[in-house]
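Each remark here refers to the structure printed beneath this line.
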Amino acid sequence: MDETTPPLTELLATDLDDGFTELVRTQAGTVRAVLLRLSGSARDADDLGQETFLRAYSALRGYPPERRGQLQPRAWLLTIAANVWRNHVRTLSRRPGVADGIEVTTIEIPDGCPGPEQLALDGARRARLVAALSRLPDHHRLPVVLRHIGELSYQEVAGILDCPVGTVKAQVSRGLAALRAEPGLAADRGAYGADGTKTTETANTANTATAKTAHEPARTERKEATG
């Protein structure tokens, strides 16, 4: 938005169509990043993201302007996205024989990387992260992703999951501990810093938190989505 464009919630309240266009422009990257880490599939993330925004638009049409103006857009959208994903998981569980593979070959690599070798390394890192997240139980994966990929507060995650804040903190802590125990991610933390750049050999013992390593690709995707 330029300096003359009203804030997003004000735009949603006064002009739903323009406001929704801005909502998609600013939040689509976050929604897709969260759904990619939850589903492990770029194809599913795209499909679930479309369903999320369809549901969002349908809901907004039924809201009075004052309610649209009071929304917390990211937390509200990620609540819908979480419900869409959970419905997707329930549907898959009722389909015997459906593959639960992780489509690591479809994960996108951001532009501007140093070269082919670095592209391959970054793609492999991201694939290992997505695969590791997919191995977390749902009750740990969802709060970890909402907190560290969606960048929601513990209070906002607790609202989405309808549970106490203390429960969310415990689930996130256990989920991150499980990720830190993954051998591949432990090696990545030794070779890369929190900003995703390769460290020197003397810094290979750095204990960068897995949550920060997980968070870097999401920031890149959101930057690309918002231009």
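So for each of 18-24, 56-62, 75-81 I average, over its residues, the number of other beta carbons within 10 Å; can you give me the resulting order with the highest mean first? Kindly include the intermediate steps, with their values, before the conclusion.
Details: 18-24: 18.1, 56-62: 13.6, 75-81: 21.7.
Per-residue mean Cβ counts within 10 Å order the peptides as 75-81, 18-24, 56-62.
Summary of packing: across the peptides 39-49, 140-150, 84-94, the per-residue average of other C-beta atoms within 10 Å ranks them, highest first, as 140-150, 39-49, 84-94.
Remark: the Asp18-Thr91 segment gains 22.9 nm on full extension, using 0.36 nm per residue and subtracting the alpha carbon distance.
Counted by Cβ distance under 11 Å from Asp15, the other residues give a net charge of -3, where Lys and Arg count +1 and Asp and Glu count -1.
Separation of the stretch 135-152 and the stretch 72-94, taken as the distance between their Cα centroids, equals 12 angstrom.
Computed from the coordinates by the stated procedures, all read-outs in this text should not be read as laboratory data. Keep in mind that this is a model prediction, so the values were computed, not measured. A quick note on method: Cβ atoms are made from the backbone with ideal geometry, for glycine too, and the neighbour counts reach across all protein chains shown.
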